[in-house]
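Single-structure report; data block below.
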Amino acid sequence: MAKVLMYKKDPCPYCDRAMNFMNAKGIAYDVIDLTGKQEEIDRIKSETGWRTVPIILINGTLVGGYTDLKALDEEGKLDQMLEE
């Protein structure tokens with residue numbers, strides 16, 4: 001199974017939606033909470049090139065945010081990524 005990692009902060013409705021989505025699909029994932037850690041947020045954003053949270057990675061590859069994760073699922077690509 002793939003390693004899924006999500007960076008989040010509170011409050012963040014899209015972070016909550018992403019976690020609810022992954023929980024509903026039975027996807028195992030790790031969460032790194034960056035609430036109140038602006039320097040860490042800036043570093044991760046710089047490393048990934050992604051400007052908003054959540055920042056979701058599968059096997060170290062940037063997926064994007066919640067809407068990107070959901071789009072991958074709707075396109076039938078998410079399960080394939082999770083099996084790699």
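Read-outs: derived from the displayed coordinates by stated rules, not from any lab. Just so it is clear, the model here is predicted, and its values are computed rather than measured. Please note: Cβ atoms are built from the backbone with ideal geometry, for glycine as well, and neighbour counts cover all protein chains shown.
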The stretch 34-80 - percent relative contact order, Cα under 8 Å, separation 6 or more = 19
message = Let me check I have the definition right: for the chain, take the eigenvalues of the Cα gyration tensor, multiply each by 5, take square roots. What are those semi-axes in whole Å, largest first?
response = 21, 13, 11
The chain: angle of helix 38-48 to the longest principal axis, Cα-based, in degrees nearest 10 = 40
key: Over the chain: helical MRE at 222 nm, DSSP H runs n ≥ 4 each giving -39500 (n - 2.57), nearest 500   = -13500 deg cm²/dmol
message = Below 12 angstrom from the Cβ of Ala18, what's the summed charge of the other residues (Lys, Arg +1; Asp, Glu -1)?
response = +1
ask   = What is the Å³ per residue value for the convex hull set by the Cα atoms of the stretch 1-42?
value = 63
message = 7 Å from Cα along Cα→Cβ at both Ala71 and Asp16: what's the point-to-point distance in nm?
response = 2.4
query = What list of ³J(HN,Hα) values in whole Hz, one per residue of the stretch 70-77 in order, does the Karplus curve 6.51 cos²θ - 1.76 cosθ + 1.60 (θ = phi - 60°) give from phi, with Gly and Pro shown as x?
reply = 5, 4, 4, 5, 5, 7, x, 9
message = Could you work out the relative contact order of the chain? I mean the mean sequence separation of Cα pairs under 8 Å and 6+ apart, divided by the number of residues, in percent.
response = 40
query = What's the local net charge at Ile41, with K and R +1, D and E -1, over the other residues with C-beta under 15 Å away?
reply = 0
ask   = If you place +1 on the Cβ of every Lys and Arg, -1 on the Cβ of every Asp and Glu, and leave all else neutral, what size is the dipole of the stretch 4-83 about its Cα centre, to the nearest 20 Debye?
value = 160
